[in-house]
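The values are calculated or read from the model by the stated rules, or taken from the named source; none is laboratory data. Every value quoted in this text rests on a predicted model; they were computed, and no experiment measured them. Positions of Cβ are backbone-derived with ideal geometry, glycine not excepted, and every protein chain shown enters the neighbour counts. Heavy atoms of the whole protein, side chains included, go into the accessibility calculation; ligands, DNA and RNA do not. Shrake-Rupley method; radii C 1.70, N 1.55, O 1.52, S 1.80 Å.
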Amino acid sequence: MATYTKLKLSGSTDGKGIKVAQTATPGTTIHTADATALDEIWIYCVNTSTPAVKLTIEWGEDTAPDGNIEATIPAESGLQLCVPGLLLTNNLTVKAFASTANVIVIHGFVNRIS
């Protein structure tokens, strides 16, 4: 029987949001998946600036377009679901960069399935 453990994103300090500082690849580290367990990753993004901002999430690799999830995050509109529980394992990383530095904040959690 599988065991589910809810965890904070590994790039988070004390469960707080992760500010996306990078504007190009490689992005700001959001989470590193477990070596053997499956990590079900949920990511919510908020744009604290006035204009909309393009966000690129590098999912397990930084090769475009294979590892890219792209979204335009509306201005000052609260949390937007950006990753709806996608799976990752094998120590792969999730990174992010945005068209404007330091205005996108990422929140989320991981359900580790072992």
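When P84, P65, P26 are checked against the criterion of being closer than 16 Å to S99 by Cα and either exposed (fewer than 14 other Cβ atoms within 10 Å of the Cβ) or free of Cβ contacts under 8 Å to residues at least 60 places away in the same chain (or both), a single residue qualifies: P26. Evaluated against (1) assigned to a strand (DSSP E or B); (2) touching a Phe, Trp or Tyr at 6+ places or on another chain (Cβ under 8 Å), Q22 falls short on exactly one condition, (1).
Quick grid of which residues meet (1) in contact with a Gly (Cβ under 8 Å, 6 or more places away or on another chain); (2) under 21 Å from S10 (Cα atoms):
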residue: I57; (1), (2): yes, yes
residue: A64; (1), (2): no, no
residue: I73; (1), (2): no, no
residue: S77; (1), (2): no, no
residue: L87; (1), (2): no, yes
residue: T93; (1), (2): yes, yes
residue: A96; (1), (2): yes, yes
residue: I106; (1), (2): yes, yes
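Against the conditions (1) among the charged types (D, E, K, R); (2) in a strand (DSSP E or B); (3) open to solvent by 70 Å² or more (accessible area, probe 1.4 Å), E40 satisfies every one except (3). Residue count for the range 7-23, restricted to those that are of a type in the set (V, I, T) and open to solvent by 50 Å² or more (accessible area, probe 1.4 Å): 2.
The number of residues in the range 87-110 being open to solvent by 30 Å² or more (accessible area, probe 1.4 Å) and more than 11 Å from the chain's Cα centre (by Cα) comes to 9.
When you look at T72, is it open to solvent by 70 Å² or more (accessible area, probe 1.4 Å) and at pLDDT 95 or above, yes or no? So T72 passes the test.
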